[in-house]
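Quick notes on the structure that follows.
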Amino acid sequence: MSRADAAPSLALEVREARLENGLTLLLVPDPAVPVFTIMLWVPAGGRNERPGTTGVSHYLEHCYSLGSSRLAPREIDRLVQRLGGGKNAFTDHDYTAYYESLPAHALERIIEVEADRLATLALPEDRLRSELDVVREERRLRIDDSVAGFHNERLMAAAYERHPYGRPVIGSAEDLARMTREDVLAYYRRHYVPANVTFVLVGCFDEARAVDLFRRHLGGIPAGTRPDDVIEPEPPQPAERRLTVTKQGAKLPRTALLWKTVGGDHPDAVPLAVLETVLAHGDASLFERVLRRARQLVVDHSTDYYSLRDPCPFTYRAEARPGVELAAIEEAVEALLAGIARDGPEPGALERAKKQIELAFLAGLESTSARARAIGRYAVTSARGWRWLIEFVERVRAVGPDDLARVVATYFVPERRTVVRLLPEEGAA
Amino acid sequence: MRVEPFGDGVRFVLPGGLTVYAQRAPRLPIVAVAAAVQAGAACDPPGRAGLSTMTVELLRAGTERLDEEALARAFADLGTSLRTDRGQDWVDLSARFLAADLDRGLALLAEVLLRPAFPADKVERVRRELLAERESGRARAEEILVETFYRVAYAGHPYEFPIQGTDETLAAISRADVVRFHAETFVAGRTTIAIAGDIEPERAADAVGRAFAFPLAPARPPAGGEGAPPRPRPRPGVFFVHKPDQSQAHLRMGHPAIPRAHPDFDALLVANYVLGGAGLSSRIAETVRTRNGLAYAAGSFLVPRRLAGPFAAVAQTRSETCVRAIELVRAEIERVRSEPLPEEDLDTARRQFAGSLPFRLETVGHKAGALLEAALYDLGPRHLERQIERVSALAPEEVRAAARAHLAPEQATIVVVGERAALFERLRALGEVMEVPPP
């Protein structure tokens, strides 16, 4: 099969529109499906928080279903349920996003609902209190009682001393304990304004009618201003950082290596993404073969490169096999990376990675919610906007072996590296 | 080979009994292939829990023709990787291919399923991996909770043991056990393949016929415990597992319910939906999470299984609020049994079942999965559509009757994992508490 045949169809037609109040619409009409996904993207997440109110983005995400001028608390949940759809929301470092997937006939109803809560969120005091308890339980579940969650929180804090990526998106336990309604309200008023937010709509709808519905229901909301967030940059790191933490309840030691790389708009973000695939995607990847199978160093491990707006982490996390020294894992990872910096990837590895990325990209176009998610994420994290999604796949094809060697040599250096080991703490059993 | 219509696709049976389902979905040039073999943990022979899991893990460790690394590269050359899933009833193998690569993909899948090499050194490695996985799991309350629940609520039943085996049984498994288990269970008559995507069903039939065109062993019953499917006896009571580092209590209360193919399954599914299966809108989430702020996640589920899968309600909450959460959950289970379902609640469930259909069949993976589900539980063509019709026709009294017949809060096994000093005395408010050792 020729390269051209293997290439996915990139005819992802995104129509862009802007209401007079600055609200951005990204529309992908697709008459081949009977449903649509509507997704609100707010470029406000952990990155936009201040010390003292960490976790406010995620807490607001929880409160965003607690009612508005025309909606009772949780009424949106029941509405979506009765329409036969699904909904969810998530908060990350760079953004908060909300979506509903629904049958085609529900478009106007859901746009009314989204307009109502964007303009008139209620935040009733009693509901806010019990929702804060829920968030604190979520933190206990995901971070305090979770070996992996605790380890990751320490890793990010060690790597980013000034930049907000070092703070937990879910919020510190102390900040959550003293979070107030005023904190949430101020954050909502600052970030949830038409000038700042984007709606992505993918699926079965008529484009002109959809724009008209958005204009009718959201066009009257005052524009507000796009917040001018000043993010403190992370100062250069003079040398490798190393830290060991202990955790009661952990059974096997863990290590995590994090290298600070570049923001998602940097040209090197593309070879770094290809590198992640070469290292860690699938049974044939380098780390799976060497670290898990040949040398049997790890029980479980993961490699993550998830591009963010600001210089973002490339992370390797591993749980050691019983009896394996963490130093052996760290040295093996460094040796494999040094091999790529010296010789480039192994023969065939780059071509395999490119084909994996193309097939994954195609599969990511299958559902309306996956499309809305990919488009929205690039729309709010990249200066190039959603087009970066298309460009990204095209640029992957142009990555050569030398590019991988170069990015490893450039970014996988001690001055960008943080290593946090986690050891089980002997406690009373 | 006779090709017959099956819903929107086709069904055909190859010589030897291998059953294949195929459905065309041409939106994107990709194809999902999923194979299920009735060789799950319920087939593990006595004293060999984990044999099914070891066997399925070892399928990736090389074939007679390709060693482990060559096999991994062969899938990666197609831009994909083989996914293997352990299970109680079935083990699943699945992969996604570009449509143009389907023939090569099917040939690889056939090789993995039917010509594994089971190298002795890989058997040892996989055993050590599974033991290490168990050691790692001892740090996670949720894994302790699930394993303890099955150990207590399914004592003496094929679902009693963890799918991955126990330290003792894993140590006892030999390469000969693996070879024999594979020979007995990975046979045409126990295997079903589903294909969905950008492919004509006739071409899919042809491709599968060629890929699987080698002699297949006749089906013999495996040596495992699946031949004796007793309905497990309930083990009511409170069972506590001490995990000293926990700030939260993880709780699960439930019991064996009914097999997926039971005529009451849909009615019970609707009862569970209203009770705890509808996310934040369910009664358990509304009372435990939204109104009282006791937990981040609270709900209930009914597990579809070939034999009686469990019904269980779950939550994680602070030690001080654990008993209150259990009481709230128990009251909600009691209410769905004793009060007729309000017409509005039933109507919401009907609408949700009907409306969710397009989302349950949105991707080629979903479509292949739905075909497999129909085949495995013998649900017939268009089973999702027909389930919607049945749910639409349910009366409130039928839902309550199913809940009364199959939910038994007074018979429930309650398992709590948490910190002893904070929990043990509090739990006595519920009756006698039996502390059981962690797995």
Output row, site B:GLU142, 7 Å Cα→C-beta label point, backbone N cut-off 13 Å, window the range A:151-178, residues none
Separation between Cα centres of the range B:410-432 and the range B:145-162, rounded to whole Å: 18 Å
Please give the Cα centre distance for the range B:250-321 versus the range B:1-33, rounded to the nearest Å. 35 Å
Is it possible to state the helix-based mean residue ellipticity at 222 nm for chain B, with each DSSP H run of 4+ residues giving -39500 (n - 2.57), the sum divided by total residues, to the nearest 500 deg cm²/dmol? What is it? -12000 deg cm²/dmol
Cα centroid of the range B:41-113 to Cα centroid of the range A:112-164, whole Å: 39 Å
Longest principal axis of chain A (C-alpha) makes with the long axis of helix A:401-411 (C-alpha) an angle, in degrees to the nearest 10, of 90 degrees
Simple spin-label model, 7 Å along Cα-to-Cβ: A:GLU108 to A:THR246 in nm? 6.6 nm
The simple spin-label model distance between A:ALA186 and B:GLU69, using points 7 Å out along Cα→Cβ, in nm, is 5.9 nm
Run the paramagnetic zone check for B:GLU135: 7 angstrom along Cα to Cβ, then residues of the range B:149-179 with backbone nitrogen under 19 Å. B:164-173
By the Cα gyration tensor axes a ≥ b ≥ c (a/c under 1.5 gives rounded; else a/b larger than b/c gives prolate, otherwise oblate), the shape of chain B is oblate
Grab the Cα-Cα distance for A:GLU394 and A:LEU336, subtract it from 0.36 nm times how many residues apart they are, and report the gain in nm with one decimal. 18.1 nm
How far apart, in nm, are two points set 7 Å out from the Cα along the Cα-to-Cβ line at A:ARG387 and at B:GLU397? 6.6 nm
Quick one: accessible surface of A:GLU232, probe radius 1.4 Å, all protein chains present, in square angstrom to the nearest 10. 80 Å²
Sites A:THR225 and B:ALA176, calculated FRET efficiency, Cβ-Cβ separation with R0 56 Å, nearest 0.05: 0.15
So how much slack lies between B:GLN411 and B:ARG324, counting 0.36 nm per residue of separation and subtracting their Cα-Cα distance, in nm? 29.5 nm
Shielding of B:289-295 by partners, i.e. mean partner chain Cβ atoms within 10 Å per residue? 6
How much of the DSSP bridge set in chain B is antiparallel, in percent, rounded to the nearest 5? 75 percent
Starting from the exponent 0.38 and prefactor 2.2 Å, build the expected Rg for the range A:98-169 from its residue count and divide its actual Cα Rg by it. 1.63
Checking the a/c ratio against 1.5 first, then a/b against b/c, what shape does the Cα gyration tensor give for the range A:1-140? prolate
I need the per residue convex hull volume for the range B:370-439, using only the alpha carbons, in cubic angstrom as a whole number. 187 Å³
For the pair A:GLU415 and B:ARG128, what calculated FRET efficiency results from E = 1/(1 + (r/R0)^6), where r is the Cβ-Cβ distance and R0 = 41 Å, to the nearest 0.05? 0.65
Computed helical MRE - 222 nm, chain A, DSSP H runs ≥ 4 contributing -39500 (n - 2.57), nearest 500: -12500 deg cm²/dmol
Determine by what factor the alpha-carbon radius of gyration of the range A:23-62 differs from 2.2 N^0.38 Å, reporting the quotient. 1.74
Antiparallel versus total DSSP beta bridges in chain A: what percent is that, nearest 5? 75 percent
Which semi-axis lengths, in whole Å and largest first, follow from the square roots of five times the eigenvalues of the Cα gyration tensor of the range B:42-129? 24, 15, 10
Taking every pair of Cα atoms in the range A:247-380, average 1/r, invert it to obtain the Kirkwood radius, and report Rg/Rh to two decimals. 1.00
With the dipole of the protein assembly as shown defined by +1 on each Lys or Arg Cβ and -1 on each Asp or Glu Cβ, the option from A:VAL278, B:GLY309, B:GLY299 whose Cα lies farthest towards the positive pole is B:GLY309
Which of the aspartates and glutamates could a cross-linker span from A:LYS260 if the Cα-Cα distance has to be under 13 Å and same-chain partners fewer than 8 positions apart are dropped? A:GLU161, A:GLU234, A:GLU240, A:ASP268, A:ASP304, A:ASP310, A:GLU415
Under the definition of partner shielding as Cβ atoms of other protein chains within 10 Å of a residue Cβ, what is the mean value for peptide A:93-105? 1
Could you tell me the calculated FRET efficiency between B:LEU384 and B:ARG2, based on Cβ-Cβ distance and R0 = 22 angstrom, to the nearest 0.05? 0.30
DSSP bridge pairs, the protein assembly as shown: antiparallel proportion in percent, nearest 5: 75 percent
When a/c reaches 1.5 or more, the comparison of a/b and b/c decides; with that in mind, is the protein assembly as shown rounded, prolate or oblate per its Cα gyration tensor? rounded
Pull out the extension gain between A:ASP304 and A:ALA327, defined as 0.36 nm times the separation in residues minus the alpha carbon to alpha carbon distance; nm, one decimal. 6.2 nm
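The values are calculated or read from the model by the stated rules, or taken from the named source; none is laboratory data. Note that the structure is predicted; figures quoted are calculated from it, not measured. Note: ideal-geometry Cβ built from the backbone for every residue, glycine included; neighbour counts use all protein chains shown. Ligands, DNA and RNA are excluded from the accessible area calculation, which covers all protein heavy atoms including side chains. Shrake-Rupley method; radii C 1.70, N 1.55, O 1.52, S 1.80 Å.
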